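Just below is one structure, and these are the notes that go with it.
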Amino acid sequence: MCNVPTINRIYLNKNLQTYFIDELHGITSGEQLYNSLHTASPTSIRINPNKIDYGLQLPQVLWCEQGYYLPQRPKFTLDPAFHAGAYYVQEASSMFLEHIVKPLATRPLKVLDLCAAPGGKSTQLISLMQRGSLLIANEVIQSRAHILSENVIKWGKSNCVVTNNDPKDFGFLEGFFDIVVVDAPCSGEGMFRKDPQAINEWSEAHVDLCSKRQTRILHDIWDCVAPGGTLIYSTCTYNQKENEDVVAAFLQQTGAECAHIPLQQEWKVVEHEKNGAVCYRFFPHKTQGEGFCVSVIHKRDGKEFVPPRKTPKSVDISIIEQKNRLHYSNLITDESIVYERQKGVMWSFSKNYRKLLLDIYAHCRVVHAGIPLVETIGHKLNPLPGLAFASSFNQTILPKYEVDLPTALRYFKKEALTLENLPSKGWIHLTYQGISIGFVKNIGNRANNPYPAAWAIKMNLQPELMWSIVEYR
Ligand code: SAM
């Protein structure tokens, strides 16, 4: 089932070794860090509590309730539960976000995840946020924004929007967000162990370029943080130029302050303070995870959000009026609104943010918002594949059919399926180990498979490598 963990040979030139020792002086031992780069990189996942509502028989990530370590790195592509959004493969150190956000998530929050692809932090935020919250997950690179959208749709909540914008484009939401997460593009020193290729892309000039870009991003988005709100800044790099120095200069320019986060000693997370910047640092020779650094910046005052007086006219969506919504009301179990984007394609979205949705569509390149519902053709409603992943999908409306592991993978490979003893003709709802995975249309001799080609498994389905996380139940 699993690949044997590989220990990557790391070849750092002498200059880089010295650089580490200099950069980490007074924080941790650069030599010990260097030596730890020759050890195996742990594999960790975070479960989606809406889909896996039981604990796994695996060692837990100390700072994240839903995080677990796997003994080896399996072929995630060959687990149906992975495609169904039942868990996310996330680096353990970065799961520390839970420890920061949990105490803030005691009320509904408005959150912006500004540099969000492929979606590790966004899916974690969704799991932490209370009912009535909103997440805008943004990614500036278009191709990556689509991967983010897939991961967010599969996580299955109706209160998330995925946008493909530059940080500057969020000016219309001045003073709006309780939390903004900037998981910044960086020089990636913390990834050297996992991905030695990152070493070839590293240079001191790149570090300088990254620190300038990080500073620009923080300034571009600062106005969007509500007074009393929180900006969470993180990187996966070790040097101080992209961490302490970026944060300290930002505090000086804005008058903001860093917050202190309580830690447990056995986590071995290092708190380092420099010129007012408080950074929480993860080193592979101390914690079971890769390199990571995070600061929590508190905004004391600033402009409050003022909702626009007029709803923008030219938006490319139309919200279905309540009286016509009945047609779709039994598809989902929550009280979301229904809106049409392309002709006949219906989506549902959290009803608390109806007006804001129009505003976001007017100002942003929206990749998706909420839950895909159905495509209407005449009087027929064809369920969209993404509906199957939604926590609010009303699973009583279609006949259900449980498939085995190879069949579930063939569904995710977009193959036409031949399923025995199907309960009826027409649309059938497929589950694997009770987890909702999708729909097929039974036409008699075979079942047609509408799974999106862009999401489909590309590799061969090797039976000997098939597995599932549910085995750790
Ligand atoms: N938060 C993500 C997660 O947990 O899965 C990882 C984010 S990654 C460290 C940084 C992201 O910032 C990348 O997806 C990258 O495309 C994006 N990015 C690159 N340049 C950017 C810029 N100028 N402004 C905003 N985001 C940028």
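The values are calculated or read from the model by the stated rules, or taken from the named source; none is laboratory data. Quick caveat: nothing in here was measured; it's all calculated off a predicted structure. Ideal geometry is used to build each Cβ from the backbone, glycine not excepted, and the neighbour counts take in all protein chains shown. To get the accessible areas, we keep the full protein, side chains included, count just its heavy atoms, and leave off ligands, DNA and RNA. Shrake-Rupley method; radii C 1.70, N 1.55, O 1.52, S 1.80 Å.
Tell me the volume per residue, in Å³, of the convex hull enclosing the alpha carbons of segment 10-144.
Values: hull volume 23.4 nm³, N = 135.
Convex hull volume per residue, Cα atoms: 174 Å³.
Here the contact order of segment 377-473, divided by its residue count and restricted to Cα pairs under 8 Å and six or more residues apart, works out to 30 percent. Could you tell me how many degrees, from 0 to 90 and to the nearest 10, lie between the Cα long axis of helix 204-222 and the main elongation axis, the longest principal axis, of the Cα atoms of the chain? The angle comes out at about 60 degrees.
Order the peptides 29-36, 54-61 from the highest to the lowest mean number of other Cβ atoms within 10 Å of their residues. Intermediate results must be reported in sequence, preceding the final value.
Values: 29-36: 16.6, 54-61: 15.1.
In descending order of packing, they fall as 29-36, 54-61.
Of all DSSP-defined beta bridges confined to the chain, some 75% are antiparallel rather than parallel.
Note that segment 208-312, at 20 °C in a medium of 1.002 mPa s, gets a Stokes-Einstein diffusion coefficient of 144 µm²/s from its Kirkwood radius over C-alpha pairs. Restricting the GluC sites (Glu not before Pro) of segment 279-334 to loop positions (DSSP other than H, G, I, E, B) with no more than 14 neighbouring Cβ atoms within 10 Å leaves E304, E321. The phi-based Karplus calculation (6.51 cos²θ - 1.76 cosθ + 1.60; θ = phi - 60°) puts the 3J(HN,Hα) values of segment 151-158 at 5, 6, 4, 5, 5, x, 10, 8 Hz, whole numbers, x for Gly and Pro.
List the trypsin sites (Lys or Arg not before Pro) within segment 328-427 that DSSP assigns to loop and that have no more than 13 neighbouring Cβ atoms inside 10 Å. Kindly include the intermediate steps, with their values, before the conclusion.
Numbers: sites: R341, K343, K351, R354, K355, R365, K380, K400, R410, K413, K414, K425; in loops: R341, K343, R365, K413, K414, K425.
Here the sparse-neighbourhood loop sites are K343, K425.
Projecting the Cα atoms of N394, V374, Q433 onto the dipole axis of segment 368-447, where Lys and Arg carry +1 and Asp and Glu carry -1 at the beta carbon, places V374 farthest toward the positive end. Between D316 and D404, what is the spin-label point distance in nm, taking each point 7 Å from the Cα along the Cα→C-beta axis? Between D316 and D404, the label points sit 4.5 nm apart. Here the spin labels are modelled as points 7 Å beyond Cα on the Cα-Cβ line, and at H38 and T77 they lie 3.3 nm apart. A DSSP coil position with no more than 15 other Cβ atoms inside 10 Å describes the following trypsin sites (Lys or Arg not before Pro) in segment 209-280: K268. For segment 250-396, the alpha carbon convex hull comes to 207 Å³ per residue, rounded to a whole number.
Charging the Cβ of each Asp and Glu at -1 and of each Lys and Arg at +1, and nothing else, the dipole of the chain about its Cα centre rounds to 1560 debye.
Between their Cα atoms, which of K110/K351; K51/K75; K241/K274 are more than 18 Å away from each other? The partial results should precede the final answer.
Numbers: K110/K351 14 Å; K51/K75 20 Å; K241/K274 11 Å.
Pairs exceeding 18 Å: K51/K75.
Per-residue surface analysis assigns D183 an accessible area of about 40 Å², computed on protein heavy atoms at 1.4 Å probe radius. A crude spin-label estimate for the pair M459 and H219, with each label 7 Å from Cα along the Cβ direction, gives 4.4 nm. With a cut-off of 18 Å on the backbone N, the residues of segment 244-277 near the modelled label site 7 Å out from K303 along Cα-Cβ are 254-255.
Based on alpha-carbon atoms, the Kirkwood radius and the radius of gyration of the chain give Rg/Rh equal to 0.98. Counting only DSSP beta bridges whose two residues both lie in segment 44-185, roughly 40 percent are antiparallel.
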